[in-house]
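**Q** This structure is in structure tokens; I'll ask about it shortly.
The values are calculated or read from the model by the stated rules, or taken from the named source; none is laboratory data. What you are looking at is a predicted structure, and each value in this text was computed from that prediction instead of being measured. Using ideal geometry, Cβ is built from the backbone for each residue, glycine included, and neighbour counts are taken over all protein chains shown. Ligands, DNA and RNA are excluded from the accessible area calculation, which covers all protein heavy atoms including side chains. Shrake-Rupley method; radii C 1.70, N 1.55, O 1.52, S 1.80 Å.
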Amino acid sequence: MTDALDVRHSLLELPENPGIRVHAVEQGSGPLVLLVHGFPETWYSWRRQLPALAAAGYRAVAIDVRGYGRSSKPRDTTDYGMLAHVADNVGVVRALGEETAVIVGHDWGSPIAANSALLRPDVFRAAALMSVPYAPRGGPRPTDAFAAIPGDEDFYISYFQEPGRAEADMEPDVRGWIAGFYTALSGDTMPPPDAPSLHFVPKGGRMSDRFPQGGPLPEWLSEEELDVYADEFEGGGMAGPLGRYRNMDRDWADLAAWDGAPLTQPSLFVAGELDPSLQWLSAALDAYPVTLPGLAASHILKGCGHWVQQERAEEVNGILVSWLRAVV
């Protein structure tokens, strides 16, 4: 499936990060737009944006974030901190022969994109964020906050903290686990509101026990497309992707100098109406007049779940292109 796309693949050496190589997939020419995926995705989650952005006159580049796909997978969990991801993105821009870029991120890619713009405004002149709202560094230590959530179940980020626990759930059947996770958070296949939340895991239990069972894949995901994702994760394992969750306390310490800092570049937010992230982070949305003073628009797509750029590709492409034409 990947070879059928009219794209150029490259493995970029990053002099700023010795030993790290980033797999980049690009299409088109013009101003650089860097696309950063989240969990559990790869560059392939932008497969429907690459041709649209290229046709609109942009050099669209989707990367495999470190730990994913064909990019480097450091063994040390500490190598997945936010500062490392920001440095990777700067290195990618430089390796592509560019000085500046617009950065677009989905899920974990959203805070990675936001922090890239926050820390390196000289490189990233605008930021589009999808599904996870911008929330400046602040509050208590993240794992302390998650541990304080009432109830006798583990919040999913706490579940992901312990090395080996989540991997034991995911890796015996990577394809099935990814299919269940995508299905559980897609607007057309997610469980009813009264079903037990997959974001809370019983003590000693597995997240996958709360995935929808036996139903169809989401409308936006074919069996062949699922195979592409499964091949990447089966080859690389899940420890690297989970490393992002396991650095949240380290990020909280590393970003102390930016506590409460607004993101002042031109920005855009797009999310699905049914995405649970909007419920948990509703205060972050309310704070946008202060935290995102350059926000052009906040688009909440009716009936859409978490995988917004895949679920509503045509609509998202139109939103992105219109915004890009105003800021580039």
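**Q** Kindly work out what percent of the DSSP beta bridges joining two residues of the chain are antiparallel, to the nearest 5.
**A** 35
**Q** Rg over Rh of the chain, using C-alpha atoms and the Kirkwood radius, what does it come to?
**A** Working: Rg = 18.4 Å, Rh = 19.8 Å.
Using only Cα positions, Rg/Rh for the chain is 0.93.
**Q** When the helix-only estimate is applied to the chain (DSSP H runs of n ≥ 4, each -39,500 (n - 2.57), divided by the residue count), what is the mean residue ellipticity at 222 nm, nearest 500 deg cm²/dmol? Numbers along the way, then the final one.
**A** On the way: 15 runs with 119 residues, N = 328.
Value at 222 nm, helices only, nearest 500: -9500 deg cm²/dmol.
**Q** Could you compute the net charge surrounding Leu281? Neighbours are other residues with a C-beta less than 13 Å from the C-beta of Leu281; K and R count +1, D and E count -1. Numbers along the way, then the final one.
**A** Working: positive: none; negative: Asp107, Asp275, Asp286.
Around Leu281, the surrounding residues sum to -3.
**Q** Continuing with this model, one more query. Please find the FRET efficiency linking Lys203 to Val290, where r is the Cβ-Cβ separation and R0 is fixed at 35 Å, and quote it to the nearest 0.05.
**A** E(calc), rounded to 0.05, equals 0.35.
**Q** Quantify how much of the Cα-Cα distance distribution of the range 197-312 extends past 25 Å, in percent. Could you put the intermediate results ahead of the total?
**A** Details: 2946 of 6670 pairs.
Within the range 197-312, distances greater than 25 Å cover 44 percent of Cα pairs.
**Q** Report, for the range 4-96, the % of DSSP beta bridges that are antiparallel, rounded to 5.
**A** Roughly 65 percent of the DSSP beta bridges within the range 4-96 come out antiparallel.
**Q** Which value, in debye to the nearest 20, gives the size of the charge dipole of the range 218-328 about its Cα centre, when Lys and Arg are +1 and Asp and Glu are -1 at the Cβ?
**A** 680
**Q** Hey, another quick one. Enter the accessible area per residue of the range 215-268 (Å², integer; probe 1.4 Å; all protein chains in place).
**A** Here the per-residue accessible area is 41 Å².
**Q** Could you please report the charge total around His37, scoring K, R as +1 and D, E as -1 over all other residues with beta-carbon less than 9 angstrom from its beta-carbon?
**A** -3
**Q** I want to verify a result. In a Gaussian network model of the chain, Cα cutoff 10 Å, which of these has the top mean-square fluctuation: Gly151, Gly67, Gly176?
**A** Looking only at Gly151, Gly67, Gly176, the biggest GNM fluctuation is shown by Gly151.
**Q** Right, another one. Once both labels are modelled 7 Å past Cα along the beta-carbon direction, what's the Trp258-Glu234 spacing in nm?
**A** Label at Trp258, label at Glu234, 3.8 nm between them.
**Q** In the chain, with Lys and Arg counted as +1 and Asp and Glu as -1 at Cβ, which of these residues, Leu35, Ala148, Pro289, has the Cα nearest the positive end of the dipole, that is, farthest along it?
**A** Pro289
**Q** Could you give the size of the charge dipole of the chain about its Cα centre, using +1 on the Cβ of each K and R and -1 on the Cβ of each D and E, expressed in debye and rounded to the nearest 20?
**A** 840
**Q** Same structure, new question: Return the inverse of the average 1/r over all pairs of distinct C-alpha atoms in the range 1-110, which is the Kirkwood hydrodynamic radius, in Å to one decimal.
**A** 13.8
**Q** Taking 45 Å as R0, compute the FRET efficiency from the Cβ-Cβ separation of Thr78 and Asp194 and round it to 0.05. Kindly include the intermediate steps, with their values, before the conclusion.
**A** On the way: r = 40 Å, r/R0 = 0.90.
With a Förster radius of 45 Å, E is 0.65.
**Q** To the nearest 20 debye, what charge dipole does the range 1-141 have about its Cα centre, counting +1 at the Cβ of each Lys and Arg and -1 at the Cβ of each Asp and Glu?
**A** Approximately 220 debye in magnitude.
**Q** Let me ask something else. Which shape class, rounded, prolate or oblate, goes with the range 78-226 when its Cα gyration tensor gives a ≥ b ≥ c as root eigenvalues, a/c under 1.5 marks rounded, and past that a/b bigger than b/c marks prolate? Intermediate results must be reported in sequence, preceding the final value.
**A** Working: a/c = 2.09, a/b = 1.49, b/c = 1.40.
Prolate.
**Q** Let me ask you something else. Write down the accessible area per residue of the range 1-152 in Å², having rolled a 1.4 Å probe over the full set of protein chains.
**A** Ligands and nucleic acids excluded, the result is 35 Å² per residue.
**Q** Can you pull the one-decimal nm distance between simple spin-label points at Leu11 and Asp152, each 7 Å off the Cα toward Cβ?
**A** 5.0
**Q** Take the Cα of Asp122, step 7 Å along the line toward its Cβ, and report every residue of the range 68-95 whose backbone nitrogen sits under 17 Å from that point.
**A** Under cut-off, by backbone N: 86-95.
**Q** Tell me, what % of the accessible area of the range 284-328 is carbon and sulfur with a 1.4 angstrom probe?
**A** Ligands and nucleic acids excluded, carbon and sulfur give 53 percent.
**Q** Let me ask you something else. Find how many whole Å separate the alpha carbon centroid of the range 235-250 from the alpha carbon centroid of the range 65-92.
**A** That distance is 10 Å.
**Q** Additional query: Using a ≥ b ≥ c from the Cα gyration tensor of the range 223-281 (square roots of the eigenvalues), is it rounded, prolate or oblate, where a/c under 1.5 gives rounded and otherwise the larger of a/b and b/c decides, a/b for prolate?
**A** Numbers: a/c = 2.49, a/b = 1.44, b/c = 1.73.
Here the range 223-281 falls in the oblate category.
**Q** I've got another one for you. Just to confirm my numbers, what's the Cα centroid distance between the range 21-59 and the range 156-214 in Å?
**A** First find each Cα centre; the distance between them is then 28 Å.
**Q** For the residue pair Ala168 and Ser298, what label-to-label distance in nm results when each label sits 7 Å from Cα along the Cα-to-beta-carbon direction?
**A** 4.1
**Q** If you count only protein heavy atoms and use a 1.4 Å probe, how large is the accessible surface of Asp144, to the nearest 10 Å²?
**A** Around 90 Å² of this residue is reachable by solvent.
**Q** Sticking with this structure for a sec: Using Cα pairs closer than 8 Å and at least 6 residues apart in sequence, work out the relative contact order for the chain, in percent.
**A** Here the relative contact order equals 20 percent.
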